[in-house]
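**Student:** Sharing a structure below in structure tokens format, with a few things to ask.
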């Protein structure tokens with residue numbers, strides 16, 4: 001079994017699996033929506049992550065009628081949200097570590113809200 005980020009699929013395989021023309025995949029790459037890996041011979045290789053991203057692009061364009069410029073904005077926002085969620089998880093783990101130890105360093109301030117997200121502020 002291949003890893004989620006391991007580039008193993010050729011452009012022809014991805015195009016056939018997604019029922020799209022290989023030129024569509026090349027267009028998405030030119031637009032900066034996807035960045036498949038390349039072999040030393042310059043052949044494109046796609047990972048399962050790439051395929052999932054292409055599926056999202058197809059849903060946005062086909063089902064919702066969003067143009068590629070709009071898709072680009074949506075994908076950038078999604079990437080930012082994913083980054084923030086990852087940072088939030090790291091901060092939650094740090095907070096749990098401090099709470100489990102029963103001490104909070106004197107140079108740190110922690111503020112927690114009761115909303116769907118905890119807000120954690122570490123002072124410097």
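**Student:** From the list 58, 95, which one is farther than 18 Å from residue 6 by Cβ and in contact with a helix residue (DSSP H, G or I) (Cβ under 8 Å, 6 or more places away or on another chain)? Lay out the reasoning, then the answer.
**Tutor:** Details: 95 fails: in contact with a helix residue (DSSP H, G or I) (Cβ under 8 Å, 6 or more places away or on another chain).
From the options 58, 95, the qualifying one is 58.
**Student:** Next up: Could you name every one of the helices (runs of 4 or more DSSP H) located completely within segment 1-102 that has at least 3 residues being modelled with pLDDT of 90 or more and exposed (fewer than 11 other Cβ atoms within 10 Å of the Cβ)? Talk me through it step by step, then tell me what you get.
**Tutor:** Working: elements: 11-18, 22-30, 48-58, 68-101.
Once the helices (runs of 4 or more DSSP H) in segment 1-102 are filtered for at least 3 residues that are modelled with pLDDT of 90 or more and exposed (fewer than 11 other Cβ atoms within 10 Å of the Cβ), what remains is 68-101.
The values are calculated or read from the model by the stated rules, or taken from the named source; none is laboratory data. Quick caveat: nothing in here was measured; it's all calculated off a predicted structure. Note that we place each Cβ from the backbone using ideal geometry, even for glycine, and neighbour counts take in every protein chain shown.
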